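Asks: This structure is in structure tokens; I'll ask about it shortly.
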Amino acid sequence: MTKSALQIARAAYAPKMPESLKGSVKIVEGRKTESIADQADIAKLFPNTYGMPLLTFEAGGAAKSFPAVNVGVILSGGQAPGGHNVISGLFDGLKRLNPNSKLYGFLGGPGGLVDNKYMELTSDIIDEYRNTGGFDIIGSGRTKLEETAQFDQGLENCKKLDIKAIVIIGGDDSNTNACVLAEYYAQKNAGVQVIGCPKTIDGDLKNEMIETSFGFDTACKVYSELIGNIQRDCNSSKKYWHFIKLMGRSASHIALECALQTQPCVTIISEEVEKKGMTLDGLVAEVAATIIARAKEGKFFGTVLIPEGVVEFIPAIKKLIAELNDLLAHHEAEVNALANNDEKRALVAKLLSADSAATFASLPVAFANQLMLDRDPHGNVQVSLIETEKLLIDMVKAYIKKNEPALGAKFQGQPHFFGYEGRCAAPSNFDADYCYSLGYTASVLIGEGKTGYMASVRNLTAPTAQWIAGGVPVTMMMNMEKRHGHMKPVIQKALVDLNGAPFKKLVECRNEWATQPSFVYPGPIQYFGPTEVCDQPTKTLALEQKK
Ligand code: FBP
């Protein structure tokens, strides 16, 4: 494989680690934990893994000897920068506990465990992937591990390889399933531990003990660089409005962070749209108001940031999508048998409730067609395939033409979607260090015989040496939610907190950003250079931690 000069130089980067992980580790047990809600239900469902204590690692533990152990690792769900460093940290940590330990990678995501598709990860392989982006070392997948038959098959496959622990690197759903798996193996006394690691560029797996999910930092820095470049172009030509959709299936953390980094004219935050009970027309009018105000001052250019999942937060469309998800699951064959989209829309409209049929009929045809696209394996609409940026450009143009005809002719929109561009970037120093520490932490949890824990590394706005590593029982993050008509224990997804410091900062600044020259141009991620250029955490983290 031909490597770029940066790849070669970056391979030599030694991730910075918390002091506590550099030598023998002392494990400090904290308070017993409770789930964030529905304590009685969760305790009943997880009799072996509920209520375990928080664990904090400190430097200076007594030197111990550990038996060699075989461990399996799985990458689950969407790619996020730093996954390879979780694996290299895990590998180095296991080898330090005992050089005869082995690490196996299950291939193509959780399905690899069930189908027994794996490879041994040797030091030669690991060295090829240190500090690189992507999940290509073993691949990822979205198979859900939730059936007992899958757990049993996985156990049989672990036994064949003498695997005593599995590390699942995934988002909220994957870690929920990791916890169910940990409980199941504990109940069966199967001798297989399960440890989770918090991954997702979306940034929505976070709570008191998980300050951020890995990959969010790098992805936001990549998108912010691109937004900054567009803003400079925009400021130079002064003729386009750029509508930029940003990935993040549900929560708007990415849009908010990119806004804080680049100071665009308009930022839509889905959680605010929902709180205000906005309609699509209301949202269009609000975006158009800024465009009209700037046009009246002779500025026919600007930037609008759009979170990927915004349509699902518009109450009427949310209801429509929920009905469509249900309806398409039950009438899939009937709908797919129809020859064209006009016929499909007509059939679907008949099957919807009166309210939702009216909403469906009010939507531009191309958008209504996109809402009928195939669902993902969890039955959800694939929001990254919905061209919200184009929809908003068309609707805003029509609105301005109708309400301010003289200005309407001058409005020119350019659509963009930034998503996949950021998911496999070479991890920033922050993500490279954070991920390596997470993997290393997982190895310590395995050495200590823990199961049902997620690796946690905190105090992330302090210098790396002061980061606090440890373990959090996954049951602590759970509550009961309705999924497919049944109440299920799940890790609570963290949406943007409208009372939190990052959103408040946006609110404080957005009028100025809409009207005054405010664009910021963050430039590309820097891997070498002064710490204030290379090692900054996200603005979200800094504001949340009052830095
Ligand atoms: P995860 O939640 O699995 O980390 O995936 C996040 C994400 O990147 C979303 O932002 C996006 O909506 C989705 O994956 C896209 O999925 P796919 O890769 O299947 O197109």
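Asks: Roughly how tilted is helix 172-187, in degrees to the nearest 10 and between 0 and 90, from the longest Cα axis of the chain?
Replies: 30 degrees
Asks: Around residue 265, which amide H atoms from residues at least 5 apart in sequence, or from another chain, sit under 5 Å from its own amide H, with H modelled in the peptide plane?
Replies: 303
Asks: Most exposed first by the Cβ proxy, i.e. fewest other Cβ within 10 Å, how do 330, 242, 416 rank?
Replies: Fewest-to-most Cβ neighbours within 10 Å comes out as 330, 416, 242.
Asks: Please report, largest first and rounded to whole Å, the three semi-axes of the ellipsoid equivalent to the stretch 201-254, where each semi-axis is the square root of five times an eigenvalue of the C-alpha gyration tensor. Working shown, then result.
Replies: Numbers: eigenvalues 167, 24, 10 Å².
For the stretch 201-254, the semi-axes come out at 29, 11, 7 Å.
Asks: Specify whether the C-alpha gyration tensor of the stretch 291-357 places it in the rounded, prolate or oblate class, a ≥ b ≥ c being the square roots of the eigenvalues: rounded for a/c under 1.5, otherwise prolate if a/b is larger than b/c and oblate if not.
Replies: prolate
Asks: Let me ask you something else. Based only on the alpha carbon positions, what is the Kirkwood hydrodynamic radius of the stretch 27-98, in angstrom?
Replies: Kirkwood hydrodynamic radius for the stretch 27-98: 15.8 Å.
Asks: Using alpha-carbon pairs under 8 Å, 6+ residues apart, how would you state the relative contact order of the stretch 63-108 in percent?
Replies: Computed value for the stretch 63-108: 61 percent relative contact order.
Asks: Please report the Cα spread of the stretch 494-541 along all three principal axes, rounded to whole Å, starting with the longest.
Replies: Largest to smallest, the principal-axis extents are 35, 32, 14 Å.
Asks: In Å and whole numbers, how far do the C-alpha atoms of the stretch 415-466 stretch along each principal axis, longest first?
Replies: 51, 26, 16
Asks: As a test of the formula, what do you get for the chain when each DSSP H run with n ≥ 4 contributes -39,500 (n - 2.57) and the sum is divided by the residue count, at 222 nm and rounded to the nearest 500 deg cm²/dmol?
Replies: Result for the chain, helices only: -13500 deg cm²/dmol.
Asks: May I pose another question? Given 4 °C and 1.567 mPa s, how large is the Stokes-Einstein diffusion coefficient of the stretch 69-152 in µm²/s, with Rh as the Kirkwood radius over Cα pairs?
Replies: On the way: Rh = 13.1 Å.
Here the translational diffusion coefficient equals 99 µm²/s.
Asks: Given the convex hull over the Cα atoms of the stretch 1-51, what projected area results after averaging over all orientations, in nm²?
Replies: Mean projected area for the stretch 1-51: 8.1 nm², to one decimal.
Asks: Evaluated at 10 °C with a viscosity of 1.306 mPa s, what Stokes-Einstein diffusion coefficient in µm²/s does the stretch 276-399 have when Rh comes from the Kirkwood expression over alpha-carbon pairs?
Replies: For these conditions, the coefficient is 101 µm²/s.
Asks: If you average the alpha carbon positions of the stretch 92-158 and of the stretch 374-440, how far apart do those two centres end up, in angstrom?
Replies: Result: 32 Å between the Cα centres.
Asks: Would you mind telling me the antiparallel percentage of the DSSP bridges in the chain, rounded to 5? It would help to have the intermediate numbers written out before the result.
Replies: On the way: 24 of 58 bridges.
In the chain, approximately 40 percent of DSSP beta bridges are antiparallel ones.
Asks: Apply the a/c threshold of 1.5 to the C-alpha gyration tensor of the stretch 68-113 and tell me whether it is rounded, prolate or oblate. Kindly include the intermediate steps, with their values, before the conclusion.
Replies: Details: a/c = 4.34, a/b = 1.57, b/c = 2.77.
It is oblate, given that a/c is not under 1.5 and a/b is not larger than b/c.
Asks: By its C-alpha gyration tensor, with a ≥ b ≥ c as the square roots of the eigenvalues, how is the stretch 342-415 shaped: rounded for a/c under 1.5, else prolate for a/b larger than b/c, else oblate? Present the calculation step by step, with values, prior to reporting the outcome.
Replies: Values: a/c = 3.32, a/b = 1.71, b/c = 1.94.
Here the stretch 342-415 falls in the oblate category.
Asks: How large are Rg and Dmax for the stretch 229-278 when only the alpha carbon atoms are used, in Å?
Replies: Answer for the stretch 229-278, Rg first and Dmax second: 12.6, 37 Å.
Asks: Can you tell me the mean projection area, over all orientations, of the convex hull of the stretch 250-309's alpha carbons? Units nm², please.
Replies: Working: hull surface 17.0 nm².
Value for the stretch 250-309: 4.2 nm².
Asks: Between 0 and 90 degrees, rounded to the nearest ten: what's the tilt of helix 429-447 against the longest Cα principal axis of the chain?
Replies: 40 degrees
Asks: Using 1/(1 + (r/R0)^6) with R0 = 45 angstrom and r between the beta carbons of residue 401 and residue 547, what's the FRET efficiency to the nearest 0.05?
Replies: Once the sixth-power term is evaluated, E becomes 0.50.
Asks: Pop the C-beta distance of residue 420 and residue 26 into the FRET formula with R0 = 45 Å and round what comes out to the nearest 0.05.
Replies: That gives a FRET efficiency of 0.60.
Asks: Further question: Along each principal axis of its Cα atoms, how long is the chain end to end? Whole angstroms, biggest number first, please.
Replies: For the chain, the Cα spread along each principal axis is 78, 57, 47 Å.
Asks: Taking the Kirkwood radius as the inverse of the mean 1/r across Cα pairs, report the Rg/Rh of the stretch 149-297.
Replies: 1.18
Asks: Note the full-extension length gain between residue 331 and residue 62 as 0.36 nm times their separation in residues minus their Cα-Cα distance, in nm to one decimal.
Replies: My answer for the length gained is 90.6 nm.
Asks: Relative to the first principal axis of the alpha-carbon coordinates of the chain, what is the inclination of helix 315-337, with its axis defined by its Cα atoms, in degrees from 0 to 90 and to the nearest 10?
Replies: 80 degrees
Asks: With every atom except the alpha carbons ignored, what do you get for Rg and Dmax of the stretch 359-515, in angstroms?
Replies: 22.7, 71
Asks: Take every Cα pair under 8 Å in the chain that's 6+ residues apart, average their separations, divide by the length, and report that relative contact order as a whole percent.
Replies: RCO, the chain: 24 percent.
Asks: Which percent of Cα-Cα pairs in the stretch 32-176 sits in each 10 Å bin, short to long?
Replies: Binned Cα distances yield the sequence 10, 34, 35, 19, 1.
Readers should treat all values here as calculations from the given coordinates under stated rules, not as data from a laboratory. Because the structure is predicted, anything quoted here is derived from the model rather than measured. Because the Cβ atoms are built from the backbone with ideal geometry, glycine has one as well, and the counts that use them run over all protein chains shown.
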